[in-house]
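Colleague: Structure incoming, see below.
The values are calculated or read from the model by the stated rules, or taken from the named source; none is laboratory data. None of these values were measured; they are calculated from a predicted model. Cβ placement follows ideal geometry from the backbone for every residue including glycine, while neighbour counts extend to all protein chains displayed.
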Amino acid sequence: MGIEQKLGNMGVVTTTLESMVNWSRTSAMWPIAFGLACCAIEMMSAQASNYDMSRFGMELMRPSPRQSDLMIVAGRVSKKMGPVLRRLYDQMPEPKWVIAMGDCASCGGVFNNYAIYQGVDEVVPVDVFVAGCPPRPEALIHGVLTVYEKVKGEKFKDLANA
Amino acid sequence: MSQIEEVSLEKFKHLVSERALTGETMLLNMGPQHPSTHGVLRLLLELDGEIIVNCIPDIGFLHTGIEKNMEAKTYQKAEVMTDRLDYMNTMGNNLAYVMAVEKLVDLDVPVRAQGLRVILTELQRIASHLVWLGTSGLDLAAMSMFLYCFREREQILDIFELVSGQRMMTTYFRPGGVWRDVPVEFEKAVRDFIKIFPRRIDEYESLLTKNPLFIDRMVAIGCLSKDVALQYGVTGPSLRASGVDWDLRKARPYCGYEQYDFNVPTRTEGDTYARYLVRIDELRESLKIVEQALNKLPLGPMRSENRKFVPPPRSEIGVSMESLIHHFKLWTEGFPAPKASIYCAVESPRGELGLMLEGDGGPKPLRVHLRTPSFDNLAVLPQIVKGHLVADLVAILASIDIVLGDIDR
């Protein structure tokens, strides 16, 4: 409706396949429902009524890694959880992105000790780090939008080389 | 990074029945990534068809070393760790910790600070129960509960942000009082909440309490008898739903709880539905306490005047040499605590949260140990799920309200 009115009778949009594919990826990104600790509660808040992440095409959290393309690592990753997290990441189909939500996932946060990975980038490659302990839902939404910016600039040939 | 350990059946054959070894029953792994385990809990299920024969919880996926980290920090700095234990009950954890420190060094707390502590911990209890109600509704396919509960929870979080500047990890209570006095908007924000919330509880109840689908999933599921509950050290609403009238706020009053008029809701059925009803009633009782505490809240200092343990106000530092010295000493060295061992317990939304603190005469604790309610409440899970369907396990797990940060710490 919107686009037809703007274009009048032309009815034709010219674009590149790349930007078309990237646009559709950003409009229906499915995060994996994977909460670890405190940040998971803020992730739930971001999904709930007041913040409502579905405004950005994100209302569907998939419990299965095989159906999702965005992993939000929400919380501290312990030494016992690290291999599990890696396996979940490996099970996700390409292309996939990772957000390290919160200080613990980004750099270990206040827990500089034997039990916690000092940043989840020791386990999986991270695209966006969101700071805060825990980050506000707005901060998480901003992180997601930053991933969208990254997705919009992606080239097919880079994905082929990856 | 180490790999996931492949375990053979030999290793845990003492935990499963004989039939699992012959392949008659099936072993199924539930978690650590599962939407209804409320975190990173792994349950190893032995199934006969869809009936649970055995359930073996595997914890430790969120082990954070919080106790050890606290031992490496001074008494003031260790408090930030307690927020991240049971992240639904941050104010309550702070309360347990500051009360333990106050008991260890024998520090007085002004009446206003006591009142503020009661108001905020009760609001936290409501917020925690709301998350529980929302997520367990979600597990039982009552999706709208989640959206309604989080709407009210945001209002409480706004109050927390008002007083402490943070939504969840508040660290607002400090040894000897609270961090700073509440802003003027605080009273109106709490009054607004008290005004709207009773109607909202009715709304939740109209959606769930008499809903036949909900009753079918909840009644006579996961019955926990009084004796088993006491044997396993279950506390909190799960214990009270089994007919034991035990609430630390009544039994061992702290923070001036004895001056407030409230009931301890109990049930005798001990099933999932009874646990739900107890928590719904607790929402109303907590609101009653908040209202009374707010009406009684006196004016006055919000921190102790004992400068050996409590830093002086910022305004004094510029004009008084003594204040400057106290401030410097407290923030560089901390305060020493005597060589003693104390235990201090509060009623968290999940049960008895206890903290053992051992001083060694220096500014850092020698040993910190936590008795966390979720740990003991989870221990009883294998007993109450036996013979139920896998779908009922989801309802039972939701009803005992565990927080993995609390279990693994």
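Colleague: Taking B:Ile407 as meeting all but one of (1) surrounded by fewer than 21 Cβ atoms within 10 Å (Cβ to Cβ); (2) aliphatic (A, V, I, L, M); (3) within 14 Å of chain A (Cβ to nearest Cβ), write down the number of the exception.
Modeller: (1)
Colleague: Here is a further query. Kindly indicate whether any position in the stretch B:68-83 is surrounded by fewer than 24 Cβ atoms within 10 Å (Cβ to Cβ), in contact (Cβ under 8 Å) with a residue 60 or more places away in the chain and on the phi > 0 side of the Ramachandran plot.
Modeller: no
Colleague: Got at least one residue in the stretch B:339-357 being under 30 Å from B:Glu50 (Cβ atoms) and either at pLDDT below 90 or of a type outside the set (Gly, Ala, Ser) (or both)?
Modeller: Yes: the stretch B:339-357 contains one or more residues that are under 30 Å from B:Glu50 (Cβ atoms) and either at pLDDT below 90 or of a type outside the set (Gly, Ala, Ser) (or both).
Colleague: Scan the stretch B:6-26 and tell me whether some residue there is within 14 Å of chain A (Cβ to nearest Cβ), within 32 Å of the chain's Cα centre (by Cα) and modelled with pLDDT under 80.
Modeller: no
Colleague: Next question, about the same structure. For the structure I just gave you, tell me whether A:Gly102 is at positive phi, in contact with a helix residue (DSSP H, G or I) (Cβ under 7 Å, 6 or more places away or on another chain) and at the interface with another protein chain (Cβ under 8 Å from one of its Cβ atoms).
Modeller: When the stated conditions are applied, A:Gly102 does not pass them.
Colleague: Might you check whether a residue that is under 17 Å from the mean Cα position of the chain (by Cα), within 10 Å of chain A (Cβ to nearest Cβ) and at pLDDT 90 or above occurs anywhere in the stretch B:86-102?
Modeller: Yes, some residue in the stretch B:86-102 is under 17 Å from the mean Cα position of the chain (by Cα), within 10 Å of chain A (Cβ to nearest Cβ) and at pLDDT 90 or above.
Colleague: Now a separate question. Considering B:Tyr172, B:Tyr204, which residue is under 18 Å from B:Met88 (Cβ atoms) and touching a strand residue (DSSP E or B) at 6+ places or on another chain (Cβ under 9 Å)?
Modeller: Residue meeting the stated conditions: B:Tyr172.
Colleague: Next question, about the same structure. I'd like to know if the stretch A:85-105 contains one or more residues that are among the polar types (S, T, N, Q) and either buried (at least 21 other Cβ atoms within 10 Å of the Cβ) or closer than 22 Å to B:Thr82 by Cβ (or both).
Modeller: no
One line per residue, one yes/no per condition, for (1) within 11 Å of chain B (Cβ to nearest Cβ); (2) buried (at least 19 other Cβ atoms within 10 Å of the Cβ); (3) in contact (Cβ under 8 Å) with a residue 40 or more places away in the chain:
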position: A:Asn112; (1), (2), (3): yes, no, no
position: A:Ala115; (1), (2), (3): yes, yes, no
position: A:Glu122; (1), (2), (3): yes, no, yes
position: A:Pro137; (1), (2), (3): yes, yes, yes
position: A:Val144; (1), (2), (3): no, yes, yes
position: A:Asp158; (1), (2), (3): no, no, no
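Colleague: Mind listing whichever residues of the stretch A:68-81 are within 18 Å of the chain's Cα centre (by Cα) and either within 8 Å of another protein chain (Cβ to nearest Cβ) or among the hydroxyl-bearing types (Ser, Thr, Tyr) (or both)?
Modeller: The answer is A:Ser68, A:Gly75, A:Arg76.
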